[in-house]
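Working notes, structure below.
The values are calculated or read from the model by the stated rules, or taken from the named source; none is laboratory data. Just so we're clear, the structure is a prediction, and the values are computed from it rather than from any experiment. Using ideal geometry, Cβ is built from the backbone for each residue, glycine included, and neighbour counts are taken over all protein chains shown.
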Amino acid sequence: MHNTAGLFEKTVDMRRSTLKNRLLGIAAVVLPLLSYAQNPSDCSGAIVVCGDIDIDVPDSAGDVLDFNDPDNELGCHITGESSAVWLYFSFRDDMPPGSELRFEITPFEEYNNGEEPDYDFSLYDANLNCDSLGAPLRCSYAWAISNNTFDCGFCPSTGLGNGATDNTEGAFGDGFVAPVIVEPGQGFYLYLNEFPNNADGNSISDGFNISFSGSAAPFLDCGANPNCDLQVVSLGADTTLCSGDVPFPLEAEVSYATGFETYTWTGFNGEEAFLDDPNSPAPLLTFPDGYSGTATFELEVAAGDCINYDTIVFTVQSTPAIMVDREVAFCEGDSLELDAGPGFASYQWSNASTEPSITVDSAGTYGVTVSASGNS
């Protein structure tokens, strides 16, 4: 009994010491949340999952140390964030009430250079915001020491189920805690952290697979987005194009995307016919020769009940025809004017002229590129 307690004390001290060394380089740096894009090592950038999936884990504590917030509790974890990733999942409204959720987290590597990967996790109710998560509903901090110093049971796998009845476990747990009873529409944040289980404090594992089971698993919601209210769809500024057979790529910037969105482009007057794929995130737009006027496109980005839009207006100018003021054939000593037409932002002739028209006095092939607002 005395030896076991001593081993536990040593285990805790080793874990604290290793993490402290890893965090010294960033402890003095405080950076604002709004200056960052989505980061899966932060709760606000949680990866939305709706089924079994492989997850790559960054060797990073994130841009924001979520547990520096006093309203977020680590629960059974003695050490803080090191190589962390956050996941989000929820359940459809058609799920039977009182369904059971189990999951298993399995590292990609069973061993790496003789060391065993160690993932710890905390599960939180997502009805609360990332800055007020409170205490975890389930928590595992189990650790399998190399060379079988003690037996972690199911390590390096961890999760919910496998006959477990405890809601939380410390370093001497077996890796699994009790399943969760879930209700329709309920969502969860899952925090996972790879403890640096080696002498230099570096990450051992590149990531893990998470697999879901229990009666709730078939009802995971792929349309969920915990950041729907923050999502912004941007198509950029309105612009001017030339008609013709040169494709123009449409590009959308979508913040807080989950990867499960559908994209629908619509022209206000049927102009989606000019797109190669109106359901692509980045279709090619080609206006036919002779087309001119304005064309307005709307992009709808949708995932379940999360739907956001943006529009863009194109002013389209006809591709000019080069006109001559006399016969193309001319005698030696004569000249010929080639005119690309007025109204374009720039002109670039094959003889290096940048004027709307050129005068030539020798035989040859002459070409011109015109552009309107940066588009040829």
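Within the range 60-98, being crowded, with 17+ Cβ neighbours inside 10 Å and under 21 Å from Ser211 (Cα atoms) holds for Ser83, Ala84, Val85, Trp86, Leu87, Tyr88, Phe89, Ser90, Phe91, Arg92, Met95. The listed residues are Asp206, Asp229, Asp221, and the only one of them that is closer than 26 Å to Tyr119 by Cα, under 23 Å from the mean Cα position of the chain (by Cα), of a type in the set (Asp, Glu) and modelled with pLDDT under 95 turns out to be Asp206. State which residue is farthest from Gly304 (Cα to Cα) when the search covers only the range 64-120 and only residues that are in contact with a Cys (Cβ under 6 Å, 6 or more places away or on another chain) and not in a loop (DSSP other than H, G, I, E, B). The residue in question is Asp66.
Looking for something modelled with pLDDT under 95, surrounded by fewer than 20 Cβ atoms within 10 Å (Cβ to Cβ), touching a Phe, Trp or Tyr at 6+ places or on another chain (Cβ under 6 Å) and of a type outside the set (A, V, I, L, M) - is there at least one such residue anywhere in the range 178-200? No, every residue in the range 178-200 fails to be modelled with pLDDT under 95, surrounded by fewer than 20 Cβ atoms within 10 Å (Cβ to Cβ), touching a Phe, Trp or Tyr at 6+ places or on another chain (Cβ under 6 Å) and of a type outside the set (A, V, I, L, M). For the range 259-310, name all the residues that are within 27 Å of Trp86 (Cα to Cα) and touching a Pro at 6+ places or on another chain (Cβ under 9 Å). Glu261, Tyr263, Val301 - these are the residues of the range 259-310 that are within 27 Å of Trp86 (Cα to Cα) and touching a Pro at 6+ places or on another chain (Cβ under 9 Å). Looking at the range 232-267 only, could you name the residues that are within 23 Å of the chain's Cα centre (by Cα) and among the acidic types (Asp, Glu)? Within the range 232-267, Glu251, Glu253, Glu261 qualify. Selection of the range 172-181 for residues being in a loop (DSSP other than H, G, I, E, B) and more than 21 Å from Gly207 (Cα to Cα) yields Phe172, Gly173, Ala178, Pro179.
Within the range 139-151, the residues that satisfy the criterion of being buried (at least 20 other Cβ atoms within 10 Å of the Cβ), in a loop (DSSP other than H, G, I, E, B) and either among the small types (Gly, Ala, Ser) or modelled with pLDDT under 75 (or both) are Ala142, Ala144. Taking the listed residues Ser60, Ser17, Ser41, the one that is within 27 Å of the chain's Cα centre (by Cα), over 20 Å from Ser157 (Cα atoms), modelled with pLDDT under 80 and among the polar types (S, T, N, Q) is Ser60, with no other qualifying. Somewhere in the range 113-131, is a residue closer than 25 Å to Cys155 by Cβ, surrounded by fewer than 13 Cβ atoms within 10 Å (Cβ to Cβ) and without any contact (Cβ under 8 Å) to a residue 40 or more places away in the chain? Checked against the condition, which is being closer than 25 Å to Cys155 by Cβ, surrounded by fewer than 13 Cβ atoms within 10 Å (Cβ to Cβ) and without any contact (Cβ under 8 Å) to a residue 40 or more places away in the chain, the range 113-131 yields at least one hit.
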